[in-house]
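The values are calculated or read from the model by the stated rules, or taken from the named source; none is laboratory data. From a predicted model like this one, the values you see are computed outputs, not experimental measurements. All Cβ positions, glycine included, derive from the backbone under ideal geometry; neighbour counts span all protein chains shown. Surface accessibility is based on the protein's heavy atoms, side chains included, excluding ligands, DNA and RNA. Shrake-Rupley method; radii C 1.70, N 1.55, O 1.52, S 1.80 Å.
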Amino acid sequence: MSDKRAVITGIEAYLPEYILTNDELSTMVDTSDEWIMSRVGIKERRILKEDGLGTSYMGEKAVKKLLEATGTRPEEVDLLICATVSPDMLFPATANIISDKVGILNAWGFDMNAGCCGFIYSFETVRRFVETGLYKKAVLVCGERLSCMTDYTDRKTCPLFGDASVALLIEPTEDMEMGFLDSMMHVDGVGRNYLYQRAGGSLYPPTEETLQERLHYIHQDGQTVFKYAVSRMADVSADMMEKHHLTADDIAYLIPHQANLRIIDATGRRMGLSPDKILIDIEKFGNTGGTSIPLAIWDFRDKFKKGDLLMFSAFGAGFTWGSILYRWAY
Ligand code: UT7
């Protein structure tokens, strides 16, 4: 057992300026603000439009803001993990590219590919390093440019996704009441049949055919993913409460992955939470994949008080799902 906990000591975000509204989407495909708001809950999303900029561009911006806000010199950072399914390129890792751009010279790092569980999987990983005491200043950067793999001729997927990056500083504390308290993580490869980007890897390298068949875009069997997401995300959140003998009164806030308002509502109901305890900003940012939970943490950070018990719950491609129980430390 470790005698340290991992705590978030800083969080900063970068959001691209361009706002793609439901009204603009309605001029591109056969959809409407009414359908998107009632079935998903999204009003608008940010899009990194400029050519020649990838996920590392947003990650660099978020990490630079984080270092400045926390008074951290790049040389002090000893670990940098980047959670993304939209890396700049298949290799090298986007973590390496961001490290270079920011001047993080004394760290090692890697990318984490866990779909919309990018944050919870990578936070679970970072905390293991930090709790040993060997790593003292870890940067976790979550970033997605999902717009680059979204098919804007497919109304079933194009309203869903947005771009963003969030960087967190994670440090050890000896206060065992604070920070990362527990996690429950799951994976089930059955998900590979329902949510994927088929081509571009070693199985289907890019060819004229893969381009013509639009295999480089996100494909989702929405209804199947929805059914799994509703049950798995609610189950794991309830399991965490049961394990720690928690009631709804003990939880200050649930910060869920922001994929669909109906999935979030089902999780909140299962936990017995009143709506004011469920933090939701899907309306403004859409589904930013593994970045959505830290984006909501950043968005609502002024609400948190030291000692607030938070639950982070996510479900995503893979399938991956899980929950983290976290006590806000500042
Ligand atoms: O983040 C990682 C994990 N992902 C998720 O958790 C997403 C889970 N899935 C979902 O959130 C929902 O399944 C979606 C939001 C993707 C879709 O909502 P749905 O209620 O499951 O819609 P559906 O796919 O069953 O489609 C219902 C109808 C269809 O029309 P017909 O066949 O009944 O005539 C679709 O063609 O709605 C139609 N439709 C649309 N209509 C207007 C689908 N997309 C649109 C659209 N605008 N954008």
Would a scan of region 115-123 turn up a residue that is in a loop (DSSP other than H, G, I, E, B), modelled with pLDDT of 95 or more and not hydrophobic (A, V, I, L, M, F, W, C)?
no
Condition (residue is part of a helix (DSSP H, G or I), buried (at least 21 other Cβ atoms within 10 Å of the Cβ) and under 15 Å from the mean Cα position of the chain (by Cα)) applied to region 156-163: is it met by at least one residue?
no
Output the number of the condition that GLY316 fails; it satisfies all remaining conditions of (1) within 10 Å of the ligand (Cβ to nearest atom); (2) open to solvent by 60 Å² or more (accessible area, probe 1.4 Å).
(2)
Filtering region 272-306 for residues that are under 15 Å from TYR326 (Cβ atoms), away from the ligand (no atom under 12 Å from the Cβ), open to solvent by less than 20 Å² (accessible area, probe 1.4 Å) and not in a loop (DSSP other than H, G, I, E, B) leaves a count of 3
Considering each residue of region 93-106, count those that are open to solvent by less than 60 Å² (accessible area, probe 1.4 Å) and on the phi < 0 side of the Ramachandran plot, and give that number.
8
Which one of these is touching a strand residue (DSSP E or B) at 6+ places or on another chain (Cβ under 8 Å), aromatic (Phe, Trp, Tyr), open to solvent by 50 Å² or more (accessible area, probe 1.4 Å) and away from the ligand (no atom under 16 Å from the Cβ): TYR253, TYR217, TYR330, TYR326?
TYR330
What's the number of the only condition in (1) under 17 Å from ILE42 (Cβ atoms); (2) buried (at least 16 other Cβ atoms within 10 Å of the Cβ) that SER237 fails to meet?
(1)
In region 61-98, how many are more than 30 Å from PHE319 (Cβ to Cβ) and of a type in the set (Gly, Ala, Ser)?
2
Among the numbered criteria (1) of a type in the set (Ser, Thr, Tyr); (2) more than 16 Å from the ligand (Cβ to nearest atom); (3) open to solvent by 50 Å² or more (accessible area, probe 1.4 Å), which single criterion is violated by SER38?
(2)
Scanning for something more than 24 Å from ASN113 (Cβ to Cβ), assigned to a helix (DSSP H, G or I) and either within 15 Å of the ligand (Cβ to nearest atom) or without any contact (Cβ under 8 Å) to a residue 12 or more places away in the chain (or both), does region 189-211 turn up at least one residue?
yes
